[in-house]
There are 2 protein chains.
Amino acid sequence: MLRIPEHQVAGHYADGDKAGPLVDDRGRFYKPLQGDERGVKEVAFYESFSSNHEIPQNIRKFFPVFHGTEAIEASNGSGPQPHLVLEDVVANHQNPSVMDIKVGARTWYPQASEDYFRKCIEKDRGSTTMELGFRVSGLKVYGKGSSGIWKPGKKFVQSFTRKDVKLVLKNFVSSNLPTGSSLNPRPDCCFASTVYGGILFQLLELKKWFETQTMYHFCSSSVLLFFGQGSSLAQVKLVDFAHVIDGDGVIDHNFLGGLCSLIKHLSDILDEAGKGNE
Amino acid sequence: MLRIPEHQVAGHYADGDKAGPLVDDRGRFYKPLQGDERGVKEVAFYESFSSNHEIPQNIRKFFPVFHGTEAIEASNGSGPQPHLVLEDVVANHQNPSVMDIKVGARTWYPQASEDYFRKCIEKDRGSTTMELGFRVSGLKVYGKGSSGIWKPGKKFVQSFTRKDVKLVLKNFVSSNLPTGSSLNPRPDCCFASTVYGGILFQLLELKKWFETQTMYHFCSSSVLLFFGQGSSLAQVKLVDFAHVIDGDGVIDHNFLGGLCSLIKHLSDILDEAGKGNE
């Protein structure tokens, strides 16, 4: 039984005409291949990565497991379409709070067309991408117990300033949720140490790898941060690989720089939360 | 007695009409204030930095000592002009080999005018800046004993591709110098372990600071790498601060990313040289 994923927070949704991703009950995530070269490139990345023996095990766990491609009935009922078959990374989490963060101060790549370059750099300068080295692309937060869900709309998310982002990162780990298109200016950060403690440990593992890996440059990829209610641990996954290019002997300094900036932001919240508890 | 510095490899030279830097015998370097806001901004940076108590001692040593400003006779004889008075960082080195590397995948800054942005991004995409996260702006290398000097011309330096840069970084620590406008395709890297060993240690100290410092963003600044003949140790200094802006609570992910890329390049050369000696 395929259904529309409940916990997607960014990227291409199924809407009206357009096919979107699907999930099944076996923990698989079906992502329709984007029609242009992006679909082909994302498949090429997963094939390269999943067969690459130089990926350390502690790094492989940050990527969704790849189960090949499959033609299935598209979510918009337009008939069988090719889909990437991936691990549904949040499948085992109850009420997962999820945040999608696009990492890197630049989302375009050297070989991009002038059109693509112009489109991206406008977004990079218009969002926090250029200044912070990352931007929040979407999020969904569950309140304590049954206190509801906060899922800001796309337009509101796109309007986040650098100051907003600092606050959003706090709201993500707080029990006193904002309502509607606003942020809670006094988030309690009550999950900061559990959630960001675990996430920072994982981001530092990733950072270490990015300091030396010269195989892939992850343009316009995201880190997905999520944690379930109850005992499930906070996790980090990398997603969206339609613009991964060959690193060709150079580290991905763009992704690495953004990752370090995100790490510093989360460390600051952790430090502050720690001081609050003293 | 003021004279034109012998070991400058990049930046604004004295030529014809234009005033350039001067040095004296007491180890001071006089840099004419650039007429527009750049001069003002560079003075402001040195004043802020030299009185900033949050700069750790092990980081302060990477910056030229600041001795204020002084009106002195300009190098082009145009009368007394205001100059920055700085430490002449290579003064104590005999026949110093020097390389100026502009760090960061982006040399412009968010608040820059559209004109400045366009000018910079064209250079960043046309040089190795965007791809490698740094570009070589100039260098001068002394051969072993009296085997001469290699100082490639400005046009040649500006034409360096990413493959050239890898070779230039090897030529910088080799005794078999290139001649004229070419690179030696088989550099012996005989100084690699002494020079890059010492330089890497210092770059890693800097990296650590850049992972957490959120006070300054160094747009279009350079690291100067240099070593003298004989026993003098290889050194690293940061220079050129006309485009430093307030970090405002965010790390300088642009400089940090480029620095990490440079570190990886030098580590690779060190590893290769080590293997060659086994």
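Nothing in this text is a laboratory measurement; each read-out follows from the coordinates by a stated rule. None of the values given here were measured: they were computed from a predicted structure. Cβ placement follows ideal geometry from the backbone for every residue including glycine, while neighbour counts extend to all protein chains displayed.
A few notes on this one:
- Projecting the Cα atoms of A:G247, A:M99, A:S222 onto the charge dipole of chain A (Cβ charges, centred on the Cα centre) puts A:M99 farthest toward the positive pole.
- All Cα-Cα distances of the protein assembly as shown, cut into 20 Å bins from zero to the largest, leave 20, 49, 26, 6, 0 percent in each bin in turn.
- Take each residue in A:258-268, count the other chain C-beta atoms within 10 Å of its C-beta, and the mean is 4.
- Share of alpha-carbon pairs per 5 Å distance bin for region B:11-131, given as whole %: 2, 9, 14, 18, 19, 20, 14, 5, 1
- Axis-nearest residue in chain A [Cβ, rotation onto B], distance in whole Å: A:G257, 2
- Other protein chain C-beta atoms within 10 Å of residue C-beta, averaged over A:245-256: 6.
- Distances between equivalent label points of A:K144 across the copies, with each point positioned 7 Å along Cα→Cβ, amount to 7.2 nm, shortest listed first.
- Net charge of Cβ neighbours under 12 Å - reference A:G133; Lys, Arg +1; Asp, Glu -1: +3
- Sorted from closest to farthest, the other copies place their B:G27 label points 6.4 nm away, with each point set 7 Å from Cα along Cα→Cβ.
- Remark: region B:28-45, residue by residue, has Karplus-estimated 3J(HN,Hα) of 10, 10, 9, 10, x, 5, 5, x, 6, 5, 4, x, 4, 5, 5, 4, 4, 4 Hz, where x stands for each Gly or Pro and the curve is 6.51 cos²θ - 1.76 cosθ + 1.60 at θ = phi - 60°.
- Residues A:E70 and B:N184, FRET efficiency given R0 of 41 Å [Cβ-Cβ distance, rounded to 0.05]: 0.15
- Take B:K61, push a point 7 Å out from Cα through the beta-carbon direction, and compare it with the same point in every other copy: 3.9 nm, smallest first.
- Percent of alpha-carbon pairs separated by more than 18 Å within region B:22-87: 40
- Note on A:94-105: average number of Cβ atoms from other chains within 10 Å of each residue's Cβ is 1.
- Listed residue pairs exceeding 23 Å between alpha carbons, taken from B:K144/B:K207; A:K119/B:K119; B:K119/B:K154; B:K31/B:K170; A:K163/A:K275; A:K207/B:K123: B:K144/B:K207; B:K31/B:K170; A:K207/B:K123
- Using a cutoff of 8 angstrom between alpha carbon atoms and counting only pairs six or more residues apart, the relative contact order for region A:1-64 works out to 20 percent.
- Separation of alpha-carbon centers, region A:42-57 and region A:110-127, rounded to whole Å: 27
- The coefficient of translational diffusion for region A:97-277, derived via Stokes-Einstein from the alpha carbon Kirkwood radius under 20 °C and 1.002 mPa s, stands at 127 µm²/s.
- Here is how the number arises for chain B: DSSP H runs of 4 or more residues each give -39500 (n - 2.57), the sum is divided by the residue count, and the result at 222 nm is -10500 deg cm²/dmol.
- Think of each Lys and Arg Cβ as +1 and each Asp and Glu Cβ as -1; about the Cα centre, that makes the dipole of the protein assembly as shown roughly 40 debye.
- FRET E, pair B:F156, A:M215, Förster distance 41 Å, beta-carbon r, rounded to 0.05: 0.85
- Here region B:97-277 is assigned +1 on the Cβ of each Lys and Arg and -1 on the Cβ of each Asp and Glu. Its dipole about the Cα centre then comes out at about 700 debye.
- Footprinting exposure proxy for B:V65, B:V165 (fewest neighbouring C-beta atoms within 10 Å first): B:V65, B:V165
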